[in-house]
Amino acid sequence: MADCSDVLVIGGGPAALCIASELHQRGVNVEGIAPHSVDDPWPNTYGIWAKELELLGLQDLLEHRWSNTVSFYGAGGSELEDQPTSHGMDYGLFDRQKLQQHWLMRCAGMSWHQDSVERIEREADGTRVHGASGEQRLARLVIDASGHRSPHIRRPDQGPVAGQAAYGVVGRFSNAPVEPGQFVLMDFRCDHLSPEQRQQPPTFLYAMDFGDGVYFLEETSLALAPAVPEAELKQRLEQRLAKAGNAITEVIEEEHCLFPMNLPLPDFHQPLLAFGGAASMVHPASGYMVGALLRRGPGLAEALAAALNEQPAMGSAALARLGWQALWPWELVLRHRLFQFGLGRLMGFDERLLRRHFTSFFQLSQDDWSGFLTNTMPLPQLMGVMLRLFAISPWDVRRGLVLGAPRS
């Protein structure tokens with residue numbers, strides 16, 4: 001069995017590499033364990049508002065960046081409804097390999113073990129991790145950053161978990177599906193759907209021009225429990241294209257996306273710490289997480305590094321408790337609850353109410369709506385923004401936000 005390390009990080013994706021790199025940069029004796037090589041390419045795309053990266057000085061990690069950022073909330077059929085809402089703020093897509101290498105370079109010299117974790121046991125001198133290979137590893141603290149499906153993190157059962165589902169295609173098309181150099185955050189136009197489909201949970205198009213005749217289109221469901229099946233999303237994307245007289249001529253890459261939007265916060269008393277999806281860090285209102293990793297990773301690593309250095313006798317349970325407090329201070333918990341409440345209301349909206357809601361939402365100032373979507377504003381300011389949104393919303397949206405709006 002290997003010697004005891006300070007921290008053992010489980011996982012090999014963005015969350016694991018982020019927290020491992022932050023700890024390693026602070027001189028912590030940290031190791032990682034993942035079922036696959038941490039050099040393996042990541043399958044999913046990661047988007048972010050460029051301003052988030054600029055504030056961190058990391059805008060060079062973007063592969064694509066758009067200034068022409070818009071949404072469509074009309075139902076189609078009228079010139080007014082087909083007019084785009086301009087967001088006036090740059091949006092970017094990460095260069096996945098560059099982001100991965102950014103973190104791996106900051107992990108240089110760290111040990112990574114390729115193995116699957118079968119069980120985790122707390123012992124007097126630390127936490128023991130048993131791998132499928134038969135190898136065992138002991139650490140003062142274990143951080144599970146293996147994603148929301150982790151079986152090792154305890155969390156309360158609060159009923160069905162809503163999933164954001166999406167089916168996407170990177171490819172070439174018979175006609176340009178969006179304007180040159182354009183990014184579409186949400187296209188809720190639904191004139192391509194049958195009357196029966198329009199009574200079902202709404203979906204929207206997330207789309208962007210990659211240049212050189214290549215586009216990325218993704219049919220997306222905001223959140224639903226159970227999630228919208230991928231086959232339905234694929235059919236709706238094909239219907240959307242057909243209605244516009246368009247068709248896919250070459251599939252370069254497919255994206256299959258499904259993750260929880262309202263996963264309950266973990267039990268903060270367990271002697272195991274989590275980070276990323278396993279720690280419920282997905283934003284319940286937007287579905288984004290990478291910005292939160294980049295912002296919150298350093299603070300968590302700083303708190304853990306100080307405790308490991310200053311209190312060498314501190315056990316796993318105490319270290320985990322300190323970590324949970326650093327990762328989820330009370331204000332962030334309250335903000336998370338507000339976002340989850342809002343998401344619960346929106347999940348009951350039909351496509352007409354959802355379009356009216358987002359039309360109002362993007363009438364807020366850019367600082368207000370962007371701070372809401374990135375979860376970067378203090379609690380009093382967030383509450384003020386939610387009250388302003390309520391005040392400017394149509395009466396039927398306000399009624400739905402207060403009482404709920406079951407679909408007809």
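The values are calculated or read from the model by the stated rules, or taken from the named source; none is laboratory data. Keep in mind it's a predicted model, so treat the numbers as computed, not measured. Note: ideal-geometry Cβ built from the backbone for every residue, glycine included; neighbour counts use all protein chains shown. We work out accessible area using only protein heavy atoms, side chains counted, and drop any ligands, DNA or RNA first. Shrake-Rupley method; radii C 1.70, N 1.55, O 1.52, S 1.80 Å.
Listed values, structure above:
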quantity: Rounded percent of accessible protein surface that carbon and sulfur make up, the chain, 1.4 Å probe; calculated: 51
quantity: Set of aspartates and glutamates near K234 by C-alpha distance (under 15 Å), chain-local residues within fewer than 8 positions excluded; calculated: E218, E219, E253, E254, E255
quantity: Å² per residue, accessible surface of region 229-356 at 1.4 Å; calculated: 41
quantity: DSSP-assigned coil residues among chymotrypsin sites (Phe, Trp or Tyr not before Pro) in region 244-318, each with at most 14 further Cβ atoms within 10 Å; calculated: none
quantity: J(HN,Hα) series, region 30-35, from Karplus relation 6.51 cos²θ - 1.76 cosθ + 1.60, nearest Hz, glycine and proline x; calculated: 10, 10, x, 9, 8, x
quantity: ³J(HN,Hα), Karplus 6.51/-1.76/1.60, whole Hz, each residue of region 224-234, x for Gly, Pro; calculated: 6, 10, x, 5, 5, x, 4, 4, 5, 5, 5
quantity: Cα shape, region 321-370, gyration tensor, a/c 1.5 rule; calculated: oblate
quantity: Which label in [x] 25.3, 88; [y] 22.1, 69; [z] 21.0, 67 gives the computed Rg and Dmax of the Cα atoms in Å; calculated: [y]
quantity: Positive-end extreme of charge dipole, the chain - chosen from M314, P394, G163 (charges on Cβ); calculated: P394
quantity: Relative contact order computed over the chain (Cα-Cα under 8 Å; 6+ residues apart), in percent; calculated: 19
quantity: Cα lying deepest toward the dipole's positive end in region 1-72, options A16, V70, S37, charges on Cβ; calculated: V70
quantity: Ellipticity estimate at 222 nm from DSSP helix runs (n ≥ 4, -39,500 (n - 2.57)) divided over the chain, nearest 500; calculated: -10500 deg cm²/dmol
